[in-house]
Structure formats: structure tokens, C-alpha cells
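Written out below as C-alpha cells is the structure these notes cover.
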Amino acid sequence: MNTRQLPDASANPVRPAKLAHVVLRASDLKRSREWYLKVLEARPTFENEMVCFLTYDDEHHRIGLIGRSDLDGTGDAHPGLEHVAFTYASLGELLATYRRLAQHDIRPYWTINHGPTISLYYKDPDGNRLELQHDVFERADDLAAFFASGAYEENFMGVTFDPEKLIQRFEAGEPLTEIMARPKLGAGKAPMDMFVP
């Protein structure tokens, strides 16, 4: 197996390839869903009783809605911004950014393989959430097949991971398809066991 190196994000800045999506907490998921469908001429790519992902182009979702009936205005329990996501062009660039930020003592509070993305979640100094991600599927058809397979319905949250171990696998030259494949949940684990608020 050939080894590979992460890009040197400290010497050569790595920037996101695009602004990927915005996720909002909604007090009435059905009402918000209908509003965004009309306003953006969007279509749902995935939805269940808790979440709705909407897009109007080839992105898997541009707007994510999280239905929260418990929004009482305290802490995170209020309607509004959940997080903003930025996509990196390669897994190497995402991991190099993780390494660069860690050198500045900026560390993610949550790292998870959602299935469609490998994601690192950070909080800014005011507590706003930022997702840095890499898309696992290069083609929209492959993502659609993943959703159609029921794998996302079975585990809509994903599986947490240790970014240092992911970097080791990356630098050891392990095939990217194996590194990015979402593992199964551990025995006795449920999707919500993977959630870190």
C-alpha cells in the first residue's frame, strides 16, 4: 500500500471549495418545509419525522430543517440557526485543515461520518456552530442510491470517529473508499447515541 501525505495547510492555505448548506431549528417542521419548498422551488432529498433536507440544485441539501417542538427560547431551544457548513474539495484538505486548526488549539466538539459526509463540527467564540465537511459521494446518483438503500433511514445521525485515527489511515495509504465508508453502529447503540449537542 502506498502512503500519502496530507497537504501542508499551514504553509499553503486550504480554503473550502463551497458554502454547502445552512441548517435551521424549526418549531413546526411541516410549516417550515412547505415555506422553503415554495420560496426556493426546492425539493426534499431526505426527510423523516425529525429532519428535512431540501435542495434546488445538485447539492444533497442546501437547507436542513430540524423539527424541535421543545423550543422554549432557552439555550439551544430556540428557532433559528443550527449550523453553517463548508465543503472541502478532498478528504486530505479537510484533515489538513483539522491539523492546522488543532495547532491553534481550535478543536472540533463533534466529529462524525454522517454517511453522505465526513464532518467536523466547531463552535465559534460566540457559540455559533460551523460544520467543515467532505462529500463522500462524488456523483449525485451514488448519493441517491445511498439514500434509497435505507442506510440513512436506519441511521440518520452517523457514526462518530477520532480524527487522529482517520489521519493515520489516510497517511498509511488506505483506500479512500474504505476510509470514508460509514461503519455500522456499535452493538446496543442507537443513532442518537452518536449526537453531541
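The values are calculated or read from the model by the stated rules, or taken from the named source; none is laboratory data. In this text, all values refer to a predicted model and were calculated from it rather than measured experimentally. Positions of Cβ are generated from backbone atoms using ideal geometry, with glycine treated the same way; all protein chains shown enter the neighbour counts.
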Has the range 36-45 got at least one residue that is more than 19 Å from Tyr121 (Cβ to Cβ), touching a strand residue (DSSP E or B) at 6+ places or on another chain (Cβ under 9 Å) and touching a residue at least 40 places away in the same chain (Cβ under 8 Å)? yes
Failed condition for Gln5, given (1) within 18 Å of His134 (Cα to Cα); (2) modelled with pLDDT under 90, with all others met? (2)
Run Arg182 past the list (1) closer than 30 Å to Thr3 by Cα; (2) within 17 Å of the chain's Cα centre (by Cα); (3) part of a helix (DSSP H, G or I) and report the number of the one that doesn't hold. (3)
Lone unmet requirement of (1) surrounded by 12 or more Cβ atoms within 10 Å (Cβ to Cβ); (2) not in a strand (DSSP E or B) for Pro197: (1)
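Here is a yes/no grid of residues against (1) of a type in the set (A, V, I, L, M); (2) more than 21 Å from the chain's Cα centre (by Cα):
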residue: Arg4; (1), (2): no, yes
residue: Ala11; (1), (2): yes, yes
residue: Leu19; (1), (2): yes, no
residue: Val23; (1), (2): yes, no
residue: Phe46; (1), (2): no, no
residue: Glu49; (1), (2): no, no
residue: Phe53; (1), (2): no, no
Give me the strands (runs of 3 or more DSSP E) completely within the range 109-172, filtered to those with at least 1 residues that are touching a residue at least 12 places away in the same chain (Cβ under 8 Å) and acidic (Asp, Glu), ordered by residue number. 129-135
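Conditions tested, residue by residue: (1) of a type in the set (Val, Ile, Thr); (2) within 27 Å of Asp8 (Cβ to Cβ); (3) at pLDDT below 90.
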site	(1), (2), (3)
Tyr56	no, no, yes
Leu71	no, no, yes
His83	no, no, yes
Gly92	no, yes, no
Asp124	no, yes, yes
Ser149	no, no, no
